[in-house]
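Just below is one structure, and these are the notes that go with it.
Nothing in this text is a laboratory measurement; each read-out follows from the coordinates by a stated rule. What you see is a predicted model, and the numbers here were worked out from it, not measured in a lab. Neighbour counts run over all protein chains shown; Cβ positions are idealised from the backbone, glycine included.
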2 protein chains.
Amino acid sequence: MPDQPFADTPPPPYVAVIFTSIRADGDHGYAAMAASMERLAREQPGFLGIESARDGVGITVSYWADQQAARGWKQVAAHLVAQRRGRATWYRDYRVRVATVERDYAMDSSPIDAG
Amino acid sequence: MPDQPFADTPPPPYVAVIFTSIRADGDHGYAAMAASMERLAREQPGFLGIESARDGVGITVSYWADQQAARGWKQVAAHLVAQRRGRATWYRDYRVRVATVERDYAMDSSPIDAG
């Protein structure tokens with residue numbers, strides 16, 4: 001579990017990129033690539049935070065200030081993957097969904113940013 | 001890993017409810033509650049699918065036909081939790097984000113529904 005399991009997002013609206021994946025067999029540099037990917041995400045303009053879990057299926061949700069920031073990240077991520085071994089080395093299959101968050105709340109029922 | 005790791009969603013727009021959580025210690029009926037919750041979700045009007053992973057932090061994304069369906073699910077889920085032991089028994093903390101999915105694609109770059 002990461003030090004900060006929850007992304008520290010501002011009041012909505014903001015953008016969520018939901019990446020759901022099934023890994024291919026073997027590492028083939030996957031762990032290093034995933035670490036680079038997250039480091040790179042944190043440096044992008046408009047990055048707000050990231051939440052990630054895997055047990056068989058993996059779900060990573062990255063949060064972005066707006067659609068432009070999310071699109072910018074897509075380009076950077078695609079470039080990083082292309083530079084290395086390519087998607088089929090690491091993933092059997094995946095889905096990407098880009099969504100605008102319209103409301104949010106924490107366990108105490110407050111908006112996240114007020115927590 | 002579930003039999004169908006990816007939710008079989010229609011073309012956008014549709015609604016994603018992103019639930020990120022940290023478990024409290026002990027089971028206290030959590031596994032039974034989680035199973036009931038998923039079974040109940042599948043019976044709700046407007047349910048499209050669910051994707052879930054946990055390793056320390058848990059992420060469950062449920063997909064709904066529209067905002068009304070997502071709100072209906074929130075009421076049902078809250079009722080189920082209230083009937084049993086309550087949130088603090090199972091969760092140390094959580095976040096809920098409700099988002100409208102505007103575009104999606106699969107590994108082969110096609111829209112998910114065309115796959």
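Could you tell me whether the range A:37-57 includes any residue that is closer than 16 Å to B:Y105 by Cα, in contact with a helix residue (DSSP H, G or I) (Cβ under 9 Å, 6 or more places away or on another chain) and either buried (at least 19 other Cβ atoms within 10 Å of the Cβ) or among the aliphatic types (A, V, I, L, M) (or both)? Let's see the steps before the verdict.
Quick first cut of the range A:37-57, residues closer than 16 Å to B:Y105 by Cα only: none.
The answer is no, given that none of the residues of the range A:37-57 is closer than 16 Å to B:Y105 by Cα, in contact with a helix residue (DSSP H, G or I) (Cβ under 9 Å, 6 or more places away or on another chain) and either buried (at least 19 other Cβ atoms within 10 Å of the Cβ) or among the aliphatic types (A, V, I, L, M) (or both).
The numbered conditions (1) within 12 Å of chain A (Cβ to nearest Cβ); (2) farther than 13 Å from A:R97 by Cα are all true for B:Y30 except (1). Quick check: anything in the range B:5-17 farther than 23 Å from A:M107 by Cβ and either within 7 Å of chain A (Cβ to nearest Cβ) or touching a Cys at 6+ places or on another chain (Cβ under 6 Å) (or both)? Yes: the range B:5-17 contains one or more residues that are farther than 23 Å from A:M107 by Cβ and either within 7 Å of chain A (Cβ to nearest Cβ) or touching a Cys at 6+ places or on another chain (Cβ under 6 Å) (or both).
Note on the range B:85-115: residues that are buried (at least 17 other Cβ atoms within 10 Å of the Cβ) and more than 7 Å from chain A (Cβ to nearest Cβ) amount to 1.
Looking only at residues in the range B:24-36 that are in contact with a helix residue (DSSP H, G or I) (Cβ under 7 Å, 6 or more places away or on another chain) and outside any helix (DSSP H, G or I), the one that is nearest to B:D113 (Cα to Cα) is B:A24.
The residues in the range A:19-40 that are touching a residue at least 24 places away in the same chain (Cβ under 8 Å) and at positive phi can be counted, and the count is 2. Looking only at residues in the range B:64-79 that are touching a residue at least 40 places away in the same chain (Cβ under 8 Å) and not charged (D, E, K, R), the one that is farthest from A:F19 (Cα to Cα) is B:A77. Going residue by residue through the range B:80-93, is there one that turns out to be touching a helix residue (DSSP H, G or I) at 6+ places or on another chain (Cβ under 7 Å), of a type outside the set (A, V, I, L, M, F, W, C), in a strand (DSSP E or B) and touching a residue at least 12 places away in the same chain (Cβ under 8 Å)? No, the range B:80-93 contains no residue that is touching a helix residue (DSSP H, G or I) at 6+ places or on another chain (Cβ under 7 Å), of a type outside the set (A, V, I, L, M, F, W, C), in a strand (DSSP E or B) and touching a residue at least 12 places away in the same chain (Cβ under 8 Å).
Is it true that B:A16 is free of Cβ contacts under 8 Å to residues at least 24 places away in the same chain and part of a strand (DSSP E or B)? Spelling it out, it is not the case that B:A16 is free of Cβ contacts under 8 Å to residues at least 24 places away in the same chain and part of a strand (DSSP E or B).
Does A:S36 count as within 11 Å of another protein chain (Cβ to nearest Cβ) and not acidic (D, E)? No.
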